[in-house]
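Have a look at the structure below before the remarks.
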Amino acid sequence: MSSQPEPDGKLLEVEHLKLHFPIRDGIIFDRQVASVHAVDDVTFDLIEGETLGLVGESGCGKTTLSRALMRLLEPTDGTVRFRGKDVTHAGHKQLEPVRRDMQMVFQDPYASLNPRKRISQIIGLPLRLHGAPRDSIENRVRELLEKVGLHPEHLNRYPHEFSGGQRQRIGVARALALEPRLIVLDEPVSALDVSVQAQIINLLDDLQDEFKLTYLFVAHDLSVVRHVSDRIAVMYLGKLMEVSPAEELYTKPIHPYTGALLAAIPIPDPRENRRRERIVVGGEPPNPINPPSGCVFHPRCPRATDICRTVEPPLARYPSGHLAACHHPMNVTEDEIRAAERDETSPHGCGDELPKDSLETVSLPGSAGAS
Amino acid sequence: MARFIVRRIGQMLLVLFAVSALTFLIFNVIPGGDPAVRMAGRHPDPGQLARIRAEWGFNDPVYVQYLKTMQKTFTGDLSSYTTNVDVVDELRKRAPRTFALAIGAAIIWMLAATAIGLYTAARAGRFADRSITILALVGISMPVFWVGALMNYYLGFKWGIFPNGGYVPFADDPWEWFYHLIMPWTALSILFIGVYSRVLRSNILDTINEDYVRTARAKGLSERRVMYRHVLRNSLIPIVTLWGLDFGAVLGGGTILTETVFDIQGVGQYAAESIGQLDVPPVLAITLFGSFFIVLLNTVVDILYAAIDPRIRLQ
Amino acid sequence: MPEPLLSVRDLEVSFATDEGVVQAVDGVSFDIGQGEILAVVGESGSGKSVSAMTLMGLTRSPNARFSGSAMYKGEDLISASDERLQDVRGAEIAMIFQDPMSSLNPVQKIGAQIVEQIQAHEALPDAQARERVVELLERVGIPRARERIDSYPFEFSGGMRQRVMIALALSCDPNVLIADEPTTALDVTIQAQILQRIRSLRDETGAAVILVTHDLGVVADIADRVAVMYAGRIVEQGSLDDIFYDPQHPYTWGLLGSITRVDKPRPARLPAIAGLPPSLADRPEGCHFRPRCPHEFAKCTEVPPLEARVEGGQHLDRCWLTVEQKRSDREVLPGEIGLRSKEGAPA
């Protein structure tokens, strides 16, 4: 595996990616009558060695997006480049070398391991598929087990003999087998108990340092990703709402949707919890077959005005490198608004109008960062 | 819904065409299938053969023959090559017997399988369950002609409990009709009872662990109501589908053996006789009759399925 | 505390399995009063759900054994007959389950499912029962309730189905509401809506709520009192403030420490409890948390009783350390309490 770093350090480039699932109907010949806008014009890069947290509620398209990046699904439009190579519509053969470099860890450690295979076979499979010599496989599997904190004696056991946390370690070992450069972690700790979650997160952290891995960490809420991410992207209804350096997202959420997500997470501190002003966002995410006009969040947004209903906001780049697609951003000063620029990653169909005001800068739902 | 029916009728026509064309072709190419030879009797002279061929149109290209035969089938003047009997009349006479056999058997196997499935699921793993499991496997493994022959010999001939085959029309004597059909119904049902009771048993055991069954208990419903309204009802959904399809298949040819063994003189037995004599017109008509019911029941099952399981949408 | 509505004493539940006898619940005792929200907290396998479901007899099966008592209005639910429990279920004690996607019958209209429960307990004509269902659906925040009463569960989102479950649970005005991980399967913004709804319903109806959860954030948001369970036993029990600001059991420290908080600067490393919970078929002698506990000492091979060690008498725990030792040993991380990691513990 050649591993000269890409000149600009970009491991993965995603440009205006769209993935629509067609809905077909017809009497004799089916024609497409509508489509589910699962991913709708998303642009971002992954820099070698970083962790990008991708957060959104169920149905926001985060899982579809991660599957499209892995090329388990074929994008409808836009491009995906991995190490400078366009893989958007690459066929099976062309993808083979790329697949080595991208691995995935799944949410459900119970469903993602073949129950009839021994651990040695499960972890060794990717090695065998990519033609590693038979005698080297077992040593490699032992090494991997050790790396993820399991005992080499576990080699000949079956998945059901392990707890959820241990199974997730096995999933991680399998992903590591081919020395990938990118690992997509699809809610890797959501199915685990809290005390075990922390163990797995710490493990992922150590492995990243050791193997110089790049992670895309997909999660449904903001509490877990924080500990692993360098940057965080918030998705809603197939679109990016906000992309921010990790810490800043918690102290200074700019998009009201991010604010709502933060406010919704109960804080395990009763006094603090009673004190903080909670804004509970009403309603539920709308149907992605027929997304709302303008800003897709406007039907649930407490700050929505007329412009939000008609014009899709561009991603505005604020001085700290923080992007947000909102006409009425929170937690930004007048200076920051003046300095904001339209980012080139904005979706094609959005307006050019940058925010002019931040309404009031008082309400700061969920963020107690100042205290 | 209207769109669904239009679609299905189109599909049905397509299937009927394909089935009849295939049947016709097969009988045209099999050795010894030349109908003129069969019709001419022993040692025919060439002149006789030529006359028959000309008279019956056997010299026409195959597709013309096919079209002519189909036309006759639907105008009702298709006659047998061997007996000269009008095929459509014959079918009309025999169809009620086959319906009586198939409908009765379908009711019996469904009721019996439901009862056995419930009983064994309630006693899963215990002695009663295990012994019935073995019985069901035996039932599945016994061929109809063998069971039928045994029943005929012992229950009919030797002990004289039931009449030894034959059929009495319902209009003539309802009791004798019923009495004569008991053995054929049973023989035809055994296989299905075995299969259905096993499927239902495992469906029930899966359903009983569903979260919504726990919810039903938590609501304070009686165990009986939980069992019938929630467990049995949901377990029966896939079975009803199976039932419709199997019923169609039985009408469409599944009664051949039973009818022959018990001498019922229904459509199935007619099929067996006609095939034996390579008599194309009746075979073609019976094939159309059978496939019509199979396709029809398929459609009925889909509609029924959508009615009992609202998650299914017809399209 | 007022007279308890439900009083559980020494509840034990065990199941005979292929791997031997599994002691799922081992001597659980607690009281709950009217209008109170008691959170039962623990990880999978701690016995929290089994305890809750046993109160309604939902764990009864030929291979289950029970002992202890659960007194409700002068009557023991553990020894009550199946028929008697049928009357209690749904009417006196109702339950909300974790997964709203699978907890409703998929082929029955939601209105019919609620009417079924009402009519199991009250002789109410169909029209009136339906009218009550419409009211209930409106009360739990389902828009256009009159139209949606004839919808099937698959036509609802997860959050809406959980509202239907809550409406179902409230349909006969129960005195005790058991909510088993009611928001775990939901998105955070929907979780906040549902918790708010449960809280306001408690205020309106005065029902006692037993909330089974693994999420201490949810607990901090809604509970009045907390019982922490580990491997079948309650290891600590007290008021919300007792548990969060003066936790006595090292397991509680670990739980508090391993939560990711969004309102505080992030620690360099997430504090984790080393090791895994024990198998219920083969639990360590004495304190079950011993193998994972950094403060283990000789006495821990004896089972510590659940008793008040802190002054005041309402805050109970099962740990042999003295209160002074606990207060000095638990680690105070930035803004929170944690557990130091154990030397040589399995990863």
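The values are calculated or read from the model by the stated rules, or taken from the named source; none is laboratory data. Worth saying up front: this structure is predicted, and the values here are computed from it rather than measured. Reconstructed Cβ throughout: ideal geometry from the backbone, glycine too, with neighbour counts over all protein chains shown.
Here C:SER67, C:SER44, C:SER14, C:SER79 are screened, and the one residue that is farther than 17 Å from C:LEU177 by Cα, free of Cβ contacts under 8 Å to residues at least 60 places away in the same chain and assigned to a loop (DSSP other than H, G, I, E, B) is C:SER79.
Residues are listed down the side, and each one gets a yes or a no for (1) within 33 Å of the chain's Cα centre (by Cα); (2) among the basic types (Lys, Arg); (3) under 28 Å from B:LEU297 (Cβ atoms):
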site	(1), (2), (3)
B:ARG3	yes, yes, yes
B:LEU14	yes, no, yes
B:VAL19	yes, no, yes
B:ILE30	yes, no, no
B:PRO46	no, no, no
B:ILE52	no, no, no
B:TRP56	yes, no, no
B:LYS68	yes, yes, no
B:LEU78	yes, no, yes
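Look at B:ARG3 and say whether it is in a helix (DSSP H, G or I), within 14 Å of chain A (Cβ to nearest Cβ) and of a type outside the set (Gly, Ala, Ser).
Numbers: in a helix (DSSP H, G or I): yes; within 14 Å of chain A (Cβ to nearest Cβ): yes; of a type outside the set (Gly, Ala, Ser): yes.
Here the answer is yes, as B:ARG3 does meet what is asked.
Scanning the range B:202-216 for residues that are buried (at least 24 other Cβ atoms within 10 Å of the Cβ) and in contact with a helix residue (DSSP H, G or I) (Cβ under 6 Å, 6 or more places away or on another chain) gives a single hit, B:ALA216.
What tally of residues in the range A:203-243 results from selecting those that are in a loop (DSSP other than H, G, I, E, B) and either surrounded by 24 or more Cβ atoms within 10 Å (Cβ to Cβ) or aliphatic (A, V, I, L, M) (or both)?
5
From C:GLU19, C:GLU3, which residue is more than 14 Å from chain B (Cβ to nearest Cβ) and free of Cβ contacts under 8 Å to residues at least 40 places away in the same chain? Checking each option against the conditions leaves just C:GLU3.
Against the condition more than 9 Å from chain C (Cβ to nearest Cβ), touching a strand residue (DSSP E or B) at 6+ places or on another chain (Cβ under 9 Å), of a type in the set (Lys, Arg) and free of Cβ contacts under 8 Å to residues at least 40 places away in the same chain, how does A:ARG309 come out, does it pass? Criteria not met by A:ARG309.
Among the residues of the range C:165-181, those that are within 20 Å of the chain's Cα centre (by Cα) and either hydrophobic (A, V, I, L, M, F, W, C) or within 9 Å of chain B (Cβ to nearest Cβ) (or both) comprise C:MET165, C:ILE166, C:ALA167, C:LEU168, C:ALA169, C:LEU170, C:VAL176, C:LEU177, C:ILE178, C:ALA179. The set of residues in the range A:248-260 being in contact with a helix residue (DSSP H, G or I) (Cβ under 7 Å, 6 or more places away or on another chain), assigned to a helix (DSSP H, G or I) and either more than 8 Å from chain C (Cβ to nearest Cβ) or surrounded by fewer than 20 Cβ atoms within 10 Å (Cβ to Cβ) (or both) consists of A:LEU249, A:THR258.
Within the range B:289-315, can you find the residues that are more than 24 Å from C:PRO106 (Cα to Cα) and either over 20 Å from the mean Cα position of the chain (by Cα) or surrounded by fewer than 19 Cβ atoms within 10 Å (Cβ to Cβ) (or both)?
Hits for the range B:289-315 are B:PHE292, B:LEU296.
When B:ILE190 is tested against (1) within 11 Å of chain C (Cβ to nearest Cβ); (2) aliphatic (A, V, I, L, M); (3) within 17 Å of the chain's Cα centre (by Cα), exactly one condition is not met: (1).
Are there helices (runs of 4 or more DSSP H) fully within the range B:15-110 with at least 3 residues that are small (Gly, Ala, Ser)? List them.
It comes to B:46-56.
Please determine whether any residue of the range A:122-143 is assigned to a helix (DSSP H, G or I), within 14 Å of chain C (Cβ to nearest Cβ) and small (Gly, Ala, Ser).
no
Listed residues C:VAL134, C:VAL88; which is within 13 Å of chain B (Cβ to nearest Cβ) and buried (at least 16 other Cβ atoms within 10 Å of the Cβ)? Criteria check complete, one pass: C:VAL88. Return the residue satisfying two criteria in turn: it lies in the range C:257-274 and is closer than 16 Å to A:LEU192 by Cα and among the aliphatic types (A, V, I, L, M), and of such residues it is farthest from the other protein chains (Cβ to nearest Cβ). Looking at residues that are closer than 16 Å to A:LEU192 by Cα and among the aliphatic types (A, V, I, L, M), I get C:ALA274. If you go through the range B:168-205 and keep only what is closer than 24 Å to B:GLY117 by Cβ and not aliphatic (A, V, I, L, M), you end up with B:PRO184, B:TRP185, B:THR186, B:SER189, B:PHE192, B:GLY194, B:TYR196, B:SER197, B:ARG198, B:ARG201, B:SER202, B:ASN203.
Per the listing C:ALA120, C:ALA94, C:ALA112, the residue uniquely assigned to a helix (DSSP H, G or I), within 9 Å of chain B (Cβ to nearest Cβ) and among the small types (Gly, Ala, Ser) is C:ALA120. Checking each residue in the range A:312-356 for being of a type in the set (Asp, Glu) and loosely packed, with under 13 Cβ neighbours inside 10 Å picks out A:GLU334, A:ASP335, A:GLU341, A:GLU344, A:ASP352. In the range A:172-202, the qualifying residues are those that are small (Gly, Ala, Ser) and crowded, with 19+ Cβ neighbours inside 10 Å, and the one that is nearest to A:GLU57 (Cα to Cα) is A:ALA191.
For the range C:184-214, residues that are in contact (Cβ under 8 Å) with a residue 40 or more places away in the chain and either within 7 Å of chain A (Cβ to nearest Cβ) or under 30 Å from C:VAL21 (Cβ atoms) (or both) total 7.
Among the conditions (1) within 30 Å of B:ILE193 (Cα to Cα); (2) surrounded by fewer than 12 Cβ atoms within 10 Å (Cβ to Cβ), B:GLU55 misses just one, which is (1). The residues in the range A:72-117 that are over 19 Å from A:GLU48 (Cβ atoms) and of a type in the set (Lys, Arg) can be counted, and the count is 3.
Within the range B:213-244, restricting attention to residues that are more than 8 Å from chain C (Cβ to nearest Cβ) and of a type in the set (Ser, Thr, Tyr), the residue that is nearest to C:ILE114 (Cα to Cα) is B:TYR228. Among residues that are touching a residue at least 40 places away in the same chain (Cβ under 8 Å) and of a type in the set (Asp, Glu), A:GLU284 is not included. Of the helices (runs of 4 or more DSSP H) entirely within the range A:261-341, those holding at least 3 residues that are modelled with pLDDT of 90 or more and of a type outside the set (D, E, K, R) occupy A:306-310.
Quick one: would you say A:VAL228 is within 25 Å of A:ASP101 (Cβ to Cβ), touching a helix residue (DSSP H, G or I) at 6+ places or on another chain (Cβ under 7 Å) and of a type in the set (Val, Ile, Thr)?
So A:VAL228 fits the description; yes.
Contact map, the range B:113-129: residues that are outside the structural domain of B:SER189 (by TED's automatic domain parsing) and in a helix (DSSP H, G or I) paired with residues that are at pLDDT 95 or above and surrounded by 15 or more Cβ atoms within 10 Å (Cβ to Cβ), Cβ distance under 9 Å, separation 6+ or inter-chain. No pairs are found.
As a summary of the residue check, C:ILE178 satisfies the conditions (1) at pLDDT 95 or above; (2) surrounded by fewer than 23 Cβ atoms within 10 Å (Cβ to Cβ) except for the one numbered (2).
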